[in-house]
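Peer 1: Here it is, the structure, as C-alpha cells.
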Amino acid sequence: MTHGFRIGVQLQPQHAPDYGLIRDAVLRSEDAGADIVFAWDHFYPLYGDPDGAHFECWTMLAAFAEQTERVEIGALVSGGGYRNPDLLADMARTVDHISGGRLILGIGAGWFEKDYDEYGYEFGTAGKRLRLLGENLARISARLSKLNPAPTRHIPILIGGGGERKTLRLVAEYADVWHSFADLEALRHKSRVLAEHCAAVGREPARIERSVAWPGPEAAQDFLDAGVTLFTVGAGGPDYDLSTVNEALRWRADRIPEPIEGLA
C-alpha cells in the first residue's frame, strides 16, 4: 500500500446552533479540495462555552455521506467507551454504503470525562479504557465480517493515541491509519516503537499511514520527511474559517500537482 499526501479538515461540531453552518462547511471543504472531512465524537464543546451548542457525530456522518461526492469522511475519533462496538461496526458499514465506500472508522480510548459522566457511561481508569478499546477493536472486526450486505470495501481503521505499550500495539494489530498527537521528535521515537510492535505481530509498518494535525507550513516538511502523509486542520463553529485549510492545500499543491485520493 502506498499513501498519497493528503489534507483533511476536522469540522468540530461545537458552537454552531444552526446545523446549516456545518452543512455549508462540509461543502466548502470539499469544494476547496480537502481529501477528508472529519467530525469529532464528543457530546459537549471541548473549548469555549462548555455548555455551548453541539451536535452528535455519527448522525452527522450519514448526512456528510449524502451531501458529498468525493471526500472521505469519518470521526477523528469515536470514543470507544460510549459506543457499543457491534453497533458501531454496523453504523460504519451503513455509512460506508451511503457514501459509496468513503468512510474511515476512527476510534480511540476516550479521554473527555464529561462525555461519560453526563451520558451515564463509566469513565474508569485510562488502563481500563485501553483494555476496552482492544476488546472493541476485536468485536468491530468480527462484526464487520458478519454483516449482510458486507461493507463496500475494507473500511480503514484509524486509531488515535500514542501510548507506547498498549495503544501502539493496537495500532500494529488493527490500524490502517495512526493519528499521533506527538511533536516531531516524539513522533520519530513512537514510529520506531510502532515498528517493533509491527514486527511482533508480523505486519509491515509501512502499511500504516501516519497522521497528525497540520503543524503549519514551516514545520510540515519535517513531518513529511518523518513519514506523515495525512495532515488535518481543525475548524470550529460558528464561522468554520477554512483559511488554514486553504494554506495547507496551497502548500501541498507546491509539492504534488494533483491530490492522490483514497487509502488503498
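Peer 1: Quick one: in the range 72-89, which of the residues that are of a type in the set (A, V, I, L, M, F, W, C) and assigned to a strand (DSSP E or B) is surrounded by the fewest Cβ atoms within 10 Å (Cβ to Cβ)?
Peer 2: Keep residues of the range 72-89 that are of a type in the set (A, V, I, L, M, F, W, C), which gives 73, 75-77, 87-89.
Add one more test, that the residue is assigned to a strand (DSSP E or B), and what stays is 73, 75.
Numbers: Ile73: 26, Ala75: 28.
The selected residue is Ile73.
Peer 1: Taking Asp41 and the conditions (1) assigned to a helix (DSSP H, G or I); (2) in contact with a Cys (Cβ under 9 Å, 6 or more places away or on another chain), which numbered condition does it fall short on, given that it satisfies the others?
Peer 2: (1)
Peer 1: Considering only the range 145-201, state which residues are charged (D, E, K, R) and within 16 Å of the chain's Cα centre (by Cα).
Peer 2: To start, the set of residues in the range 145-201 that are charged (D, E, K, R) comprises 146, 153, 164-166, 169, 173, 176, 183, 185, 188, 190, 192, 196.
Matches in the range 145-201: Asp176 only.
Peer 1: Regarding the range 99-112, can at least one residue be identified that is over 25 Å from Ser180 (Cα atoms) and part of a helix (DSSP H, G or I)? Break it down stepwise before answering.
Peer 2: First pass over the range 99-112, keeping only residues over 25 Å from Ser180 (Cα atoms): 99-100.
Retained after the next criterion (residues that are part of a helix (DSSP H, G or I)): 99.
Checking the range 99-112: at least one residue is over 25 Å from Ser180 (Cα atoms) and part of a helix (DSSP H, G or I).
Peer 1: Tell me the residue from Phe123, Phe64 that is surrounded by 15 or more Cβ atoms within 10 Å (Cβ to Cβ), free of Cβ contacts under 8 Å to residues at least 60 places away in the same chain and either on the phi > 0 side of the Ramachandran plot or not in a helix (DSSP H, G or I) (or both), please. Can you show your working first?
Peer 2: Values: Phe64 fails: either on the phi > 0 side of the Ramachandran plot or not in a helix (DSSP H, G or I) (or both).
It is Phe123.
Peer 1: Then there's this: For the range 158-226, which fully contained helices (runs of 4 or more DSSP H) count at least 2 residues that are out of contact with any strand residue (DSSP E or B) (no Cβ under 6 Å at 6 or more places or on another chain) and loosely packed, with under 13 Cβ neighbours inside 10 Å? So that I can check it myself, show each step before the final result.
Peer 2: Working: elements: 167-174, 184-201, 217-225.
Ranges flagged: 184-201, 217-225.
Peer 1: Would you mind stating whether Arg28 is crowded, with 21+ Cβ neighbours inside 10 Å, over 15 Å from Trp58 (Cα atoms) and of a type outside the set (S, T, N, Q)?
Peer 2: On the way: crowded, with 21+ Cβ neighbours inside 10 Å: no; over 15 Å from Trp58 (Cα atoms): yes; of a type outside the set (S, T, N, Q): yes.
Here the answer is no, as Arg28 does not meet what is asked.
Peer 1: Of all residues in the range 6-36, which are within 18 Å of the chain's Cα centre (by Cα), part of a helix (DSSP H, G or I) and among the small types (Gly, Ala, Ser)?
Peer 2: Result: Ala25, Ser29.
Peer 1: To continue, here is another question. Of everything in the range 227-238 that's touching a residue at least 60 places away in the same chain (Cβ under 8 Å) and in a loop (DSSP other than H, G, I, E, B), which residue is surrounded by the most Cβ atoms within 10 Å (Cβ to Cβ)?
Peer 2: From the range 227-238, those touching a residue at least 60 places away in the same chain (Cβ under 8 Å) are 229-238; that's our starting set.
Applying the additional criterion that residues be in a loop (DSSP other than H, G, I, E, B) yields 237-238.
Values: Gly237: 24, Pro238: 14.
Checking each candidate, the answer is Gly237.
Each reported figure results from applying straightforward, stated rules to the coordinates on display, with no laboratory input. What you see is a predicted model, and the numbers here were worked out from it, not measured in a lab. A quick note on method: Cβ atoms are made from the backbone with ideal geometry, for glycine too, and the neighbour counts reach across all protein chains shown.
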